[in-house]
Amino acid sequence: MNNFVFQNTTKLILGRGEIAKLAGLLPKDKRILVTFGGGSVKRNGVYDQVVAALEGFDYLEFWGIEPNPKVETLRKAVEVCKNENIGFLLAVGGGSTLDGTKLIAAAALIEEDAWELVLNPKLQRGSLPFASVMTLPATGSEMNRGCVISNLATGEKFAFYNTFPVFSILDPTTTFTLPRYQRACGLADTFIHVIEQYLTCVDESPLMDRWAEGVLQTVVEIAPKVLSDENDYDTMANFMLSATMGLNGFVAMGVTQDWSTHRIGHEITALCGTTHGQTLVMVLPGVMNELREQKGAKIVQYGERVWGITEGTTEERIDRTIAATEEFFRSLGLATRLSELGIGEDVVEEIVRRFRERGTRLGEQLNIDYAATDRILRQRI
Ligand code: NZQ
Ligand code: ZN
């Protein structure tokens with residue numbers, strides 16, 4: 001097991017009707033900026049619950065943080081924070097709303113432009129405190145420090161790390177209005193978060209392995225019910241908790257990670273606007289195949305424990321495990337080939353060009369360079 005320091009300071013509140021708890025959690029002595037996406041919260045009653053809980057608080061609303069939040073939009077909210085003496089931020093919606101809010105909270109305290117902060121985190125001078133009401137299980141943003149910000153003008157998408165949300169409220173009934181596609185993307189994103197913290201080396205931590213496999217198995221088990229329009233409360237509660245546990249540090253203690261699927265996926269989204277979870281499932285089988293030797297022992301363990309693949313030579317087991325993974329993504333109704341979304345060689349070439357120019361090296365052994373990325377993406381067309 002590698003050395004590690006673990007600290008997660010977010011208070012997590014999950015349950016039916018818990019949005020009402022906002023009244024006891026938000027600061028009374030600070031002006032609050034409540035941030036939203038495009039309006040889903042108005043259609044599912046979440047907005048009304050938030051407004052009811054905020055009665056008597058001093059707050060302003062900021063609308064329009066889009067999926068894959070754009071710095072062009074977030075700059076406007078930074079101005080509001082600076083001009084209106086905002087002291088606390090509350091994000092209400094999906095991961096994009098919260099991610100955008102994390103950048104706003106940090107950019108509000110510096111003179112420099114918000115995108116400069118993304119490119120140069122050393123500019124950060126603390127953060128306004130922020131919290132969330134999360135309505136989409138996927139990113140784990142509700143209990144981690146990360147956010148991923150896009151720049152429309154430059155066609156780039158990069159991660160930035162702030163502090164943790166002070167608290168996050170998850171009411172599973174708020175997910176009942178999620179379209180099937182967003183549910184599928186959320187399941188896929190959760191699954192791949194765990195994979196990227198797990199599918200590296202064997203024997204670092206049997207405990208972390210079992211926790212990671214537990215989340216993976218749960219996602220596979222609940223997926224059909226999540227996708228159905230049953231809206232079973234406990235199923236959606238477990239979906240929410242799986243997403244949170246998938247990326248809040250709990251499965252990552254002391255183990256080697258490999259975020260190459262995400263890093264390549266962000267480039268595809270930056271260039272083509274594809275939804276995050278959908279994008280990842282097109283990339284992961286390629287990464288597994290490219291690193292089949294390096295990751296072989298772990299792929300075999302994953303295949304055995306998650307997909308019940310126990311027979312055949314090592315090579316056959318690796319092939320069957322990659323195939324089972326792709327088949328799972330297809331069972332969610334997602335495309336697993338770039339060409340299915342009209343993405344071709346020109347996009348691959350641009351990503352390879354960027355990685356070459358930046359000297360990007362990904363993977364647990366930093367051996368996914370531009371040439372390996374080229375191989376990975378070409379086999380996924
Ligand atoms: O904008 P509104 O109108 O609210 O609608 C949203 C949006 O159109 C809608 N939605 C959200 N909750 C809903 C709902 N519709 C009906 N009922 C509900 N309860 O869903 C659409 C997608 O929302 P979005 O917030 O974009 O999705 P998600 O939560 O998957 O977030 C994706 C973003 O998070 C980043 C991704 O890169 C992407 O930019 N990620 C953030 C991470 C993190 N902070 O740690 C890690 C992830 O790997 C990921 O990269
Ligand atoms: Zn993700």
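On the beta carbon distance between Asp29 and Asp232, with R0 = 51 Å, the FRET formula returns roughly 0.80.
For the chain, averaging the sequence separation of C-alpha pairs within contact (under 8 Å, six or more residues apart) and dividing by the residue count gives a relative contact order of 15 percent.
Around Leu25, under 12 Å between beta carbons, what's the net of Lys plus Arg minus Asp minus Glu among the other residues?
The answer is +2.
Counting only the backbone N, which residues of segment 306-321 are under 19 Å from the spot 7 Å out from the Cα of Gln217 toward its beta-carbon? Residues 306-311, 321 fall inside that zone. Rounded to 0.05, the FRET efficiency of the Ser339 and Phe6 pair, given R0 = 30 Å and the Cβ-Cβ distance, is 0.10.
Tell me the carbon and sulfur percent of the accessible area for the chain, rounded to whole percent, probe radius 1.4 Å.
Solvent-exposed carbon and sulfur of the chain make up 50 percent of the total.
Under the 0.36 nm per residue contour assumption, what length would be gained going from the current alpha-carbon distance of Glu66 and Ala323 to full extension?
This chain segment gains 89.1 nm when fully extended.
A dipole drawn for the chain from +1 and -1 charges on Cβ atoms has a positive end, and of Trp307, Ile268, Leu284 the residue lying farthest that way is Ile268.
Where both bridge residues fall in the chain, DSSP classifies roughly 25% of the beta bridges as antiparallel. The modelled label-to-label distance between Arg353 and Glu84, using points 7 Å beyond Cα along the C-beta direction, is 4.1 nm.
Using the 1.4 Å probe convention, the accessible area of segment 11-174 works out to 39 Å² per residue with neighbouring protein chains retained. Residues in segment 180-378 average 39 Å² of solvent-accessible surface per residue, probe 1.4 Å, ligands and nucleic acids excluded. Dipole size of segment 180-378 about its Cα centre, with +1 on Lys/Arg Cβ and -1 on Asp/Glu Cβ: approximately 300 debye, rounded to the nearest 20.
At an R0 of 45 angstrom, the distance between the Cβ atoms of Gln365 and Glu111 translates into a FRET efficiency of 0.65. Straight-line reach from Lys102: which aspartates and glutamates have a Cα under 17 Å away, not including same-chain ones fewer than 8 places off? Candidates past the 8-residue exclusion: Glu61, Glu66, Glu72, Glu79, Glu111, Glu112, Asp113, Glu116, Glu142.
Using the Cβ of Tyr233 as centre and a radius below 12 Å, the other residues enclosed give a net charge of -2, where K and R count +1 and D and E count -1.
The values are calculated or read from the model by the stated rules, or taken from the named source; none is laboratory data. If you're wondering where the values come from, they're calculated on a predicted model, not measured in any experiment. Cβ: placed from backbone, ideal geometry, glycine included. Neighbour counts: every protein chain shown. Note: accessible area is taken over every heavy atom of the protein model, side chains too, but ligands, DNA and RNA are not part of it. Shrake-Rupley method; radii C 1.70, N 1.55, O 1.52, S 1.80 Å.
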